[in-house]
Amino acid sequence: MPNIIVDRISKTFGNLQAVKNVSFEVNPGEIFGLLGPNGAGKTTSIRIMLDIFKADSGTVSILGGAMTEEKKNRIGYLPEERGLYQDIQLERCLVYLATLKGLEESEARGRINDYLEKFDLADARKKKVKELSKGMQQKAQLITTLVHKPEVVIIDEPFSALDPVNTQMVKDLLKEERHRGTTIVMCTHQMHQVEELADRIALINAGETVLYGGLTEIRRRFASDGVLVRAVNSLPSAIPGVQEIRPHNSSTLLKLENGKTPQEVLNTLIHQGIILEHFEIALPSLDEIFIQVVNHESE
């Protein structure tokens, strides 16, 4: 059973309809990408899920029903805006926030110590939060999000201000949480991160869900008539069934003629004695799909 069920929620602020009939579900042990351009309604949807805003219509079921105070201790939320106390020491800040999530202080200190070591923040534990870099503060916020071992994690732009090393560390951590069975909703504009991590996605534009489903299924739905190949020997300048041949990163893109299938082109290459290292259907990136769908919706 899904841990999150969002069913046709809508929300209006004055004359602005921020969310209109948005629906999606998120399962245990799944990373779900909630995507959309600025102002699309993602943050409003999240705040309705967390019972910060009340929906004008529609319902949200989280961890088996409506939100309660008890359930809030089973949820970890990382907002895009940092919410740490700036004028106190990092360790004290993290311990205090962990106790607000129901942990005893002694248990909180033990878990936080482990996270400080893991996130390379141990030497900064006595520094005031305001003395930390943006990247260090982002890692600190991730600690507050995960320290109480929540069943549901909702994270908004988790890779903000992180360098490549720390970005990879956070990605590995999210994969560990997924393996643990945690339900994860991830909002981000970094489509390449979503491609690497997300199992399914929902794309919201102008307050409405315009794309929803499994990431692989969606990429196949938007696939063009082309294949990517890498060959040991040189490709011929003309290939039957192929209308265009052009370089594409480390491969070659073969644009197929109408009615031709990848299998037919593969057979042709093999019969011509071409030794292939790589052959795959050319699937669009999530960036390309995002731009295509949003531009289509705005026409």
Starting from the range 19-37, keep only residues that are buried (at least 21 other Cβ atoms within 10 Å of the Cβ), then list their pairs with residues that are of a type in the set (D, E) whose Cβ atoms are within a distance under 6 Å, requiring at least 6 positions of separation or different chains. I31/D199
Subset of the range 150-207 (residues that are assigned to a helix (DSSP H, G or I), β-branched (V, I, T) and under 12 Å from L34 (Cα atoms)): V194
Whether any residue in the range 31-40 is more than 17 Å from the chain's Cα centre (by Cα) and in a loop (DSSP other than H, G, I, E, B) is what I want to check. yes
Scan the range 136-148 and report the pairs whose first residue is over 20 Å from D163 (Cβ atoms) and whose second residue is basic (K, R) and assigned to a helix (DSSP H, G or I), with Cβ atoms within less than 6 Å and a gap of 6+ or a chain change. V147/R111
Taking only pairs six or more apart or across chains, which ones have beta-carbon atoms under 6 Å, a first residue in the range 189-206 that is free of Cβ contacts under 8 Å to residues at least 24 places away in the same chain, and a second residue that is assigned to a helix (DSSP H, G or I) and polar (S, T, N, Q)? none
Given the conditions (1) of a type in the set (S, T, N, Q); (2) touching an Asp or Glu at 6+ places or on another chain (Cβ under 9 Å); (3) not in a strand (DSSP E or B), report the number of the one that S61 does not fulfil. (3)
Looking at Q292, Q263, Q243, which is the one that is out of contact with any Pro (no Cβ under 7 Å at 6 or more places or on another chain) and either under 30 Å from G39 (Cα atoms) or of a type in the set (G, A, S) (or both)? Q292
Considering only the range 64-81, I want to know if a residue exists there that is of a type in the set (V, I, T) and free of Cβ contacts under 8 Å to residues at least 12 places away in the same chain. yes
Test set (1) part of a strand (DSSP E or B); (2) over 34 Å from the mean Cα position of the chain (by Cα) - L266 fails condition number: (1)
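Read-outs throughout are calculated quantities, based only on the coordinates presented, and are distinct from any laboratory measurement. Note that this is a predicted model, so its numbers are computed, not measured. Neighbour counts run over all protein chains shown; Cβ positions are idealised from the backbone, glycine included.
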